[in-house]
Amino acid sequence: MINYLKSELYRLLHKKSLHLTSIICFLLILAAGLVLSYLPKVDPSFPYATSPFFYSNVISSGVLILIVGLLFNIALTGKDITVIKQSVAFGISRKVIFWSKLILTLSYFIIVCLIGIGLMVVLGENLFTSDTQVVISFLLACLNMIPIILSGFLIIHTLKMIKVGEAYIVITLFFIYTFSGDILRPLFRSVSGLNNLYQYAPSTLLTENLLNFMNESVKFEFSYWLIGVVISLITLLIGSQKFAKISID
């Protein structure tokens, strides 16, 4: 597995599109901060040139972050089906292929996210009025988001590995991380014991996290990690089994 990881890492690091996407993400964060801080000079009554509003753009962008994760994942699972066929032909197990690609793409995604969070804090503290409590609240909100976002990345990886198209993956992401709570609420409203199930839907948790941040009441929530871990484990279990059986043509 180590040799395969090394070869895949070499391929990953030589993907120009991957690094370009990362740079674009960082530039967009920088541009958002600069524009937001400049607007009061044009319109003194502009009310949103604050660090909480700046940070809220990340807390409210769960699906957008996952779409960026999809772009990263495509780097090793997109049009490389021929490489996978060759690896299988040379005796590399599908289990090794599945987990190696996951480890590399997930690691890259996490590193980019951490750099992005660091860049947000630096910009927020220097372009707007510095407030330590706001930074702490932002980091707590990010901590709550981590398991939910990672579960989405694992769904992306699983669907890509079993050859589901990108359009269907994006639809799935919107369904789970934007609309799931709105769908579950009326569906189980009249079912005793399940009428509050929507509160644990990923979309509801992400919305609640944003509202708590904006209301300055955000705190670490164990339920976010519980739901994220459950989704992740189920996804990986199903994904690894499916990939072991699909035809690689």
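Data table
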{"quantity": "Test: residue in the stretch 164-173 that is in contact with a Ser or Thr (Cβ under 6 Å, 6 or more places away or on another chain) and crowded, with 17+ Cβ neighbours inside 10 Å", "calculated": "no"}
{"quantity": "Selection count where residues are assigned to a helix (DSSP H, G or I) and out of contact with any Phe, Trp or Tyr (no Cβ under 8 Å at 6 or more places or on another chain), scope the stretch 159-168", "calculated": "4"}
{"quantity": "Failed condition for THR129, given (1) assigned to a helix (DSSP H, G or I); (2) in contact with a Ser or Thr (Cβ under 9 Å, 6 or more places away or on another chain); (3) in contact (Cβ under 8 Å) with a residue 12 or more places away in the chain", "calculated": "(1)"}
{"quantity": "Verdict on LEU34 being part of a helix (DSSP H, G or I), of a type outside the set (Asp, Glu) and without any contact (Cβ under 8 Å) to a residue 12 or more places away in the chain", "calculated": "no"}
{"quantity": "Per-region count, the stretch 121-152, residues open to solvent by 60 Å² or more (accessible area, probe 1.4 Å) and among the polar types (S, T, N, Q)", "calculated": "5"}
{"quantity": "Residue, nearest to the chain's Cα centre (by Cα), within the stretch 177-204, restricted to residues that are surrounded by 20 or more Cβ atoms within 10 Å (Cβ to Cβ) and among the aliphatic types (A, V, I, L, M)", "calculated": "ALA201"}
{"quantity": "Some residue of the stretch 132-155 being assigned to a loop (DSSP other than H, G, I, E, B) and on the phi < 0 side of the Ramachandran plot", "calculated": "no"}
{"quantity": "LEU159, sole failed condition from (1) over 26 Å from LEU211 (Cα atoms); (2) surrounded by 21 or more Cβ atoms within 10 Å (Cβ to Cβ); (3) touching a Leu at 6+ places or on another chain (Cβ under 8 Å)", "calculated": "(3)"}
{"quantity": "Residue in the stretch 183-223 that is nearest to SER51 (Cα to Cα), counting only those that are in contact (Cβ under 8 Å) with a residue 40 or more places away in the chain and either among the polar types (S, T, N, Q) or not in a helix (DSSP H, G or I) (or both)", "calculated": "GLU216"}
{"quantity": "Residue match in the stretch 52-71 (condition: farther than 22 Å from VAL134 by Cβ and open to solvent by 40 Å² or more (accessible area, probe 1.4 Å))", "calculated": "yes"}
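Here's the yes/no breakdown for (1) part of a helix (DSSP H, G or I); (2) in contact (Cβ under 8 Å) with a residue 40 or more places away in the chain; (3) open to solvent by less than 40 Å² (accessible area, probe 1.4 Å):
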| site | (1), (2), (3) |
| --- | --- |
| LYS85 | yes, yes, no |
| SER100 | yes, yes, yes |
| ILE111 | yes, no, no |
| ILE115 | yes, yes, no |
| LEU119 | yes, yes, no |
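The values are calculated or read from the model by the stated rules, or taken from the named source; none is laboratory data. Keep in mind the model is a prediction, meaning the values are calculated, not measured. FYI the Cβ positions are ideal-geometry reconstructions off the backbone, even for glycines, and counts take in every protein chain you see. Side chains included, ligands, DNA and RNA excluded: accessible areas come from the protein's heavy atoms. Shrake-Rupley method; radii C 1.70, N 1.55, O 1.52, S 1.80 Å.
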